[in-house]
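Colleague: Below is the structure I would like to discuss, written out as structure tokens.
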2 protein chains.
Amino acid sequence: MFEILFTYFENKSGKSLNNEERKQVEQKFKPKKLRKRQYLLQEGEVCKYSGFIVSGAARMFTIDEKGREHVVRFGVEGWWMCDSESYTSGEPTTFFIEMLEDTELLLITWEDIQELNDSIPAVAMATKAMDKNSFISSQKRIHSAISLTAEERYEDLIKTYPSFVLRFPQNMIASYLGISPETLSRIRKNAGNLK
Amino acid sequence: MFEILFTYFENKSGKSLNNEERKQVEQKFKPKKLRKRQYLLQEGEVCKYSGFIVSGAARMFTIDEKGREHVVRFGVEGWWMCDSESYTSGEPTTFFIEMLEDTELLLITWEDIQELNDSIPAVAMATKAMDKNSFISSQKRIHSAISLTAEERYEDLIKTYPSFVLRFPQNMIASYLGISPETLSRIRKNAGNLK
DNA sequence: CGCGGGTTTGATGATGCTCAAGCCCGGTGG
DNA sequence: CCACCGGGCTTGAGCATCATCAAACCCGCG
């Protein structure tokens with residue numbers, strides 16, 4: 001269970017964890033299983049935990065006044081799910097985090113991850129690299145959102161995360177791309193025809 | 001000149017810098033003045049420096065195959081400008097960073113900021129907070145791009161960064177919002193009429 | 001077998017883009 | 001001081017893209 005997390009820290013930091021450090025990590029993280037359709041976080045709550053996905057998948061989304069859902073991001077094995085703003089500030093969140101499959105998570109509080117950051121260099125380096133990468137990939141997503149047409153955004157997604165399209169329902173993919181399910185259906189129908 | 005940078009580090013970290021630390025910072029950062037329309041970075045180059053804006057303003061954008069510009073972000077006093085991906089990886093960038101006004105910058109290389117991170121806790125904390133905040137604000141921007149109409153995105157921008165609308169030309173604001181200049185012009189015309 | 005959620009398909013309409021022309025205003029040179 | 005650019009902003013007309021609404025379809029599951 002923890003092995004995936006250890007190798008995550010080791011890969012991201014380029015350092016290996018000794019036994020003492022592994023024990024510390026095991027003590028701070030709390031394993032949790034959630035079934036498909038269960039929520040890790042709901043609007044109005046404070047995001048108390050950041051969740052590392054050991055197996056399974058999840059989505060983070062909002063619901064607007066008209067009752068429409070907007071998928072901000074997906075997460076799969078080896079990814080983290082949390083609303084950073086609520087997590088770090090303690091303010092209530094505007095997001096939902098819902099499991100898309102039966103999922104195993106390792107949860108940690110903000111305070112505990114700080115302690116691990118202070119005591120384990122590999123963890124500090126890994127979380128830092130993670131923040132940087134999150135920012136870089138969201139920059140790319142912004143760029144695609146403002147620059148590309150619906151069809152181009154879909155092709156971009158296929159290139160960047162091919163598994164998402166196979167793994168997640170189409171209406172959520174559409175929401176992630178900022179288009180209607182009908183439009184996505186039509187794009188898929190025409191894909192390849194035009195070129 | 002450096003005072004703004006010192007107070008930036010102090011505010012973001014909650015720690016104050018001693019004289020020794022200030023001296024270190026002054027040694028690592030290279031002051032640079034660029035006039036309006038000059039570039040800090042151009043497509044194909046490696047982003048060697050991250051630039052802290054002391055005074056002035058800049059934009060980061062791409063040019064697509066059709067020759068169209070897409071503004072990914074603006075920067076003003078107290079903000080940093082760089083392409084994180086190229087900066088950290090050493091790969092050539094796909095972005096341009098252009099001054100929108102005569103601008104004073106403080107430049108630092110990736111290697112030098114690492115050294116400061118290691119030797120000055122306040123700097124380490126500040127850069128970490130910066131990464132986190134960048135990510136949070138880009139998440140918000142993604143959300144607005146996929147969830148809102150053109151008009152709503154414009155209103156959102158006015159709420160979030162009121163000064164941008166006054167300070168930057170409208171065609172760049174339009175590009176930042178992912179809409180055409182004509183559409184923005186019409187939105188502004190109708191603003192307030194409908195409600 | 002029948003129900004129900006997700007997907008597809010069609011028809012219609014709104015939103016926002018494109019192209020083109022005119023306008024406004026600040027800067028430049030005579 | 002004025003005339004003349006030129007760039008950015010505005011306005012209009014037509015069009016492409018994409019959303020909406022509604023109905024049919026498909027398929028897994030009780």
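Colleague: Given the options B:Phe61, B:Phe9, B:Phe52, B:Phe74, name the one that is touching a residue at least 24 places away in the same chain (Cβ under 8 Å), assigned to a helix (DSSP H, G or I) and under 17 Å from the mean Cα position of the chain (by Cα). Before the answer, list the steps.
Modeller: Working: B:Phe61 fails: assigned to a helix (DSSP H, G or I); B:Phe52 fails: assigned to a helix (DSSP H, G or I); B:Phe74 fails: assigned to a helix (DSSP H, G or I).
Exactly one of B:Phe61, B:Phe9, B:Phe52, B:Phe74 is touching a residue at least 24 places away in the same chain (Cβ under 8 Å), assigned to a helix (DSSP H, G or I) and under 17 Å from the mean Cα position of the chain (by Cα), namely B:Phe9.
Colleague: Turning to a different aspect of this structure: Collect the residues in region A:186-195 that are part of a helix (DSSP H, G or I), more than 7 Å from DNA strand C (Cβ to nearest atom) and modelled with pLDDT under 95, keeping them in residue-number order.
Modeller: If we filter region A:186-195 for residues that are part of a helix (DSSP H, G or I), which is where we start, we get A:186-190.
Subset that is more than 7 Å from DNA strand C (Cβ to nearest atom): A:187, A:190.
Answer for region A:186-195, where residues must be part of a helix (DSSP H, G or I), more than 7 Å from DNA strand C (Cβ to nearest atom) and modelled with pLDDT under 95: just A:Asn190.
Colleague: Quickly run through region A:85-134 and pick out the residues that are among the polar types (S, T, N, Q), closer than 26 Å to B:Ser89 by Cβ and touching a helix residue (DSSP H, G or I) at 6+ places or on another chain (Cβ under 8 Å). Before you say what the answer is, go through the steps one by one.
Modeller: Taking region A:85-134 and keeping what is among the polar types (S, T, N, Q), we get A:86, A:88-89, A:93-94, A:103, A:109, A:114, A:117, A:119, A:127, A:133-134.
Applying the additional criterion that residues be closer than 26 Å to B:Ser89 by Cβ yields A:117, A:127, A:133-134.
Listed by number, the residues that qualify are A:Asn117, A:Thr127, A:Ser134.
Colleague: Could you list all residues from region A:42-68 that are within 10 Å of chain B (Cβ to nearest Cβ) and buried (at least 16 other Cβ atoms within 10 Å of the Cβ)?
Modeller: Within region A:42-68, A:Met60, A:Phe61, A:Thr62 meet the criteria.
Colleague: What pairs come out if I take residues in region B:98-112 that are among the polar types (S, T, N, Q) and pair them with residues that are assigned to a strand (DSSP E or B) whose C-beta lies under 7 Å away, six or more apart or interchain?
Modeller: B:Thr103/B:Leu34; B:Thr103/B:Ile53; B:Thr103/B:Ser55; B:Thr103/B:Ala57; B:Thr103/B:Ala58; B:Thr109/B:Tyr49
Colleague: Shifting gears a bit: Of all residues in region A:86-112, which are in contact with a strand residue (DSSP E or B) (Cβ under 7 Å, 6 or more places away or on another chain) and hydrophobic (A, V, I, L, M, F, W, C)?
Modeller: Within region A:86-112, A:Phe95, A:Phe96, A:Ile97, A:Met99, A:Leu100, A:Leu105, A:Leu106, A:Leu107, A:Ile108 qualify.
Colleague: Answer yes or no as to whether A:Ser175 is in contact (Cβ under 8 Å) with a residue 60 or more places away in the chain and small (Gly, Ala, Ser).
Modeller: In short, yes.
Colleague: Still on this model: Restricting to region A:131-160, name every residue that is surrounded by 16 or more Cβ atoms within 10 Å (Cβ to Cβ), more than 11 Å from chain B (Cβ to nearest Cβ) and hydroxyl-bearing (Ser, Thr, Tyr).
Modeller: A:Tyr154
Colleague: Out of everything in region B:161-183 that is small (Gly, Ala, Ser) and within 12 Å of DNA strand C (Cβ to nearest atom), what residue ends up being surrounded by the fewest Cβ atoms within 10 Å (Cβ to Cβ)?
Modeller: B:Ser180
Colleague: Taking region A:169-185 as the search range and keeping residues that are in a helix (DSSP H, G or I) and within 10 Å of DNA strand D (Cβ to nearest atom), which one is farthest from A:Thr62 (Cα to Cα)?
Modeller: Taking the candidates together, the pick is A:Ser185.
Colleague: If the Cβ limit is 6 Å and pairs must be 6+ apart or interchain, which residue in region B:28-41 that is more than 11 Å from B:Ile108 (Cα to Cα) pairs with which residue that is not acidic (Asp, Glu) and not in a loop (DSSP other than H, G, I, E, B)?
Modeller: Pairs found: B:Leu34/B:Met99; B:Leu34/B:Thr103; B:Lys36/B:Met99; B:Gln38/B:Met99; B:Leu40/B:Gly51; B:Leu40/B:Ile97; B:Leu41/B:Ile97.
Colleague: In addition: Out of all the residues in region B:74-85, which are in contact with a strand residue (DSSP E or B) (Cβ under 8 Å, 6 or more places away or on another chain) and either of a type in the set (Asp, Glu) or crowded, with 20+ Cβ neighbours inside 10 Å (or both)?
Modeller: Hits for region B:74-85 are B:Phe74, B:Gly75, B:Glu77, B:Met81, B:Cys82, B:Asp83.
The values are calculated or read from the model by the stated rules, or taken from the named source; none is laboratory data. Being a predicted model, the structure only gives us computed values, none of them experimental. Cβ atoms come from the backbone with ideal geometry, glycine included; neighbour counts cover every protein chain shown.
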